[in-house]
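The values are calculated or read from the model by the stated rules, or taken from the named source; none is laboratory data. The model shown is predicted, which means the values in this text are computed figures rather than measured ones. Cβ placement follows ideal geometry from the backbone for every residue including glycine, while neighbour counts extend to all protein chains displayed. We work out accessible area using only protein heavy atoms, side chains counted, and drop any ligands, DNA or RNA first. Shrake-Rupley method; radii C 1.70, N 1.55, O 1.52, S 1.80 Å.
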Amino acid sequence: MRVKRGVIAASALVLSLSLAPRALADPTAEDRAAADVLFREGRALIKQGSYALGCSKLVASQKLEPMAGTLLALADCYELNGETASAWATFNDAEAMARKAGDPRRSKEAARRAGLLEPRLSRLVIEVAPEARVEGLEVRRNTKLLDAALFGSAIPVNPGEHAIEAAAPGKKAWSAKVLIEPMAGQSTVRVPRLEDAPPPGAATAPAPERPSRARAATSAAPAASSWSAQKTVGLVLGGVSLAGIAVGAVFGVDTLLKVGEARSQHGCTDDDPPRCDAEGIKLHQAANTTANISNVAFAAGGAALIAGLVVFLTAPSSEAAPKAALEVRLQPAVGVGTAGMSLRGSF
């Protein structure tokens with residue numbers, strides 16, 4: 001509780017000092033009026049906990065009308081926002097401005113707050129090796145160029161992530177990031193010797209690549225493009241013709257077997273209609289059916305073969321060959337005393 005009361009008391013003292021009459025400078029009346037509005041708005045935001053926005057209001061107020069009281073309030077805002085390095089530096093600025101203006105109360109308070117904050121500062125050391133200090137070397141922290149005199153010095157920085165970059169003519173750029181913890185301590189970043197960059201225009205020729213499978217497939221594509229869909233239709237028709245001939249042959253053999261059985265086992269004659277027993281008559285009727293199927297199958301197979309040859313031989317060989325869709329159906333049609341086969345196709 002003592003610590004919290006001490007912080008509250010210190011903050012109250014800073015704000016009370018900042019409300020005291022401020023030294024006059026050169027700003028116009030309008031500048032002073034705007035600075036006063038920004039100052040009051042900033043203080044109100046700080047009381048609400050909006051430290052970042054409140055600090056920006058105080059910065060704008062200080063630009064319009066530089067005052068030691070505004071700097072005290074701004075430094076306090078930075079400290080509340082965790083920006084310890086900014087707060088410490090601003091307290092020092094406030095002490096110097098108040099001392100110059102003959103305001104010992106503000107000068108003493110600013111020096112006291114800076115002294116309390118200094119042991120809590122986080123520091124960053126950026127080391128640059130002698131061999132890395134080439135002509136034209138530029139080292140930046142958070143895009144801001146660092147003076148070479150700061151190399152190796154423990155610089156107070158605000159907690160958070162800091163980006164370090166180094167660049168020089170004819171060298172490859174280098175960068176690193178360092179996270180500064182919100183506590184007293186020191187972190188070190190070492191800038192290495194920069195590597196030589198390749199001279200402009202001296203691009204090395206890429207090594208020859210082995211053709212991949214994807215490229216091989218691509219190179220083979222033009223040859224495959226000469227095979228049109230119409231040729232595929234011709235081959236399909238050829239396959240249909242072979243199936244039709246095979247079906248005709250099967251049913252033809254079955255017909256011969258039935259006729260032979262009717263003659264040898266049932267005494268059927270060659271008359272039309274044949275004379276034989278009832279079982280023989282049934283065998284003859286079945287033989288007629290299979291014979292019809294065989295004839296139709298042979299006819300369909302022959303027609304498909306001729307059509308397939310015509311389609312295949314008349315197919316264009318360019319890539320512009322029209323696409324074709326083929327539908328072929330070969331269906332036997334068997335009824336009482338009748339037999340047949342249906343062949344349908346379109347392309």
Name the aspartates and glutamates eligible as straight-distance cross-link partners of LYS177: C-alpha to C-alpha under 13 Å, and not fewer than 8 places from it in the same chain.
GLU161, GLU165
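With every protein chain left in place, what is the accessible area per residue of segment 152-195 in square angstrom, probe 1.4 Å?
Values: 2600 Å² over 44 residues.
With the other protein chains kept in place, segment 152-195 gives 59 Å² per residue.
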As an exercise, use a Förster radius of 56 Å and the Cβ-Cβ distance of GLU138 and VAL250 to find the FRET efficiency, rounded to the nearest 0.05.
0.05
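Could you order the peptides 131-141, 29-39, 52-62, 190-200 from most to least packed, using the average number of other C-beta atoms within 10 Å per residue? Present the calculation step by step, with values, prior to reporting the outcome.
Numbers: 131-141: 14.1, 29-39: 15.8, 52-62: 19.9, 190-200: 12.2.
Ranked by mean Cβ neighbours within 10 Å, highest first: 52-62, 29-39, 131-141, 190-200.
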With every protein chain kept in place and a 1.4 Å probe, segment 31-98 has an accessible area per residue in Å² of 40
When we measure straight from the Cα of LYS100, which lysines land under 20 angstrom away, once same-chain ones fewer than 8 places off are left out?
LYS63, LYS108
In straight Cα distance, which lysines are under 20 Å from LYS57, not counting same-chain residues fewer than 8 positions off?
LYS47
Note: ARG120 to GLU30 extended length (0.36 nm per residue) minus current alpha-carbon separation gives 28.4 nm
Amide H contacts of SER50 (H built 1.01 Å from N, under 5 Å, at least 5 apart or other chain):
none
At ARG190 and GLU131, where each label point lies 7 Å from the Cα along Cα→Cβ, what is the point-to-point distance in nanometres?
1.2
